[in-house]
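Enquirer: Before anything else, here's the structure in question.
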Amino acid sequence: MIFSDLTNWEKEKAVYPEAVNRGIEYIRSTDFSSLPLGKYEIEGNLMFALLQEATTKNWEQQRPESHRTHTDIQFLLSGEEVIRVAPLSEEAVISEESFDTKDIAFYDKVGAESSLVLRPGSFAVFYPGDIHRPCCSAAQEQPIRKVVIKIHKSLLGL
């Protein structure tokens, strides 16, 4: 997992995987304010962007999830969002698994969670297996706009 923002990315990008840097460069060079919500191919189905809007909810109303095939770059465009994270451990109990069809599993139970607060310009990178609970409220429910870059594991040598 990586947690940073565009300002720090300039200083840190030398240590990021090249595919993650390409995804962040796509974010930097795209005017999302003029685009409708939806899917945008970057490198075919190996890397694509999902432009999304949601309303944050209390963390207990959001389900933890993980992926097997894709790495997520979750970049916040507007609003404020908390993403809770937990390591994959024996405490994690999957409640719904759709890795083969949708590359996602949801969890009923996870180990101890930490919280990341995303503000516009900040991002988190979740590798396959990283459990994350997105779209949680920081102080109160609010609308957010975000882009999620999905990177196939083959681009990362995984």
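Enquirer: Anything in the stretch 66-78 that is of a type outside the set (Ser, Thr, Tyr) and surrounded by fewer than 19 Cβ atoms within 10 Å (Cβ to Cβ)? List them, or say none.
Expert: Of everything in the stretch 66-78, those that are of a type outside the set (Ser, Thr, Tyr) and surrounded by fewer than 19 Cβ atoms within 10 Å (Cβ to Cβ) turn out to be Arg68, Leu77.
Enquirer: Follow-up. Within the stretch 111-141, take every residue that is open to solvent by less than 20 Å² (accessible area, probe 1.4 Å) and over 24 Å from Leu6 (Cα atoms) and give me the one that is modelled with the highest pLDDT.
Expert: So the residue we want is Gly111.
Enquirer: For the stretch 99-130, how many residues meet the condition of being within 21 Å of Asn58 (Cβ to Cβ), among the β-branched types (Val, Ile, Thr) and not in a strand (DSSP E or B)?
Expert: The total comes to 1.
Enquirer: Please tell me if Arg133 is of a type in the set (Lys, Arg), over 26 Å from Arg22 (Cα atoms) and in contact (Cβ under 8 Å) with a residue 40 or more places away in the chain.
Expert: The answer is no for Arg133.
Enquirer: Count, please, the residues in the stretch 81-98 that happen to be surrounded by fewer than 16 Cβ atoms within 10 Å (Cβ to Cβ) and not in a strand (DSSP E or B).
Expert: 5
The values are calculated or read from the model by the stated rules, or taken from the named source; none is laboratory data. Values in this document were obtained by computation on a predicted structure and should not be read as measured data. All Cβ positions, even for glycine, are placed from backbone atoms using ideal geometry, and neighbour counts span all protein chains on display. The protein model used for the area step is the full one, side chains on, heavy atoms only, and it has no ligands, DNA or RNA in it. Shrake-Rupley method; radii C 1.70, N 1.55, O 1.52, S 1.80 Å.
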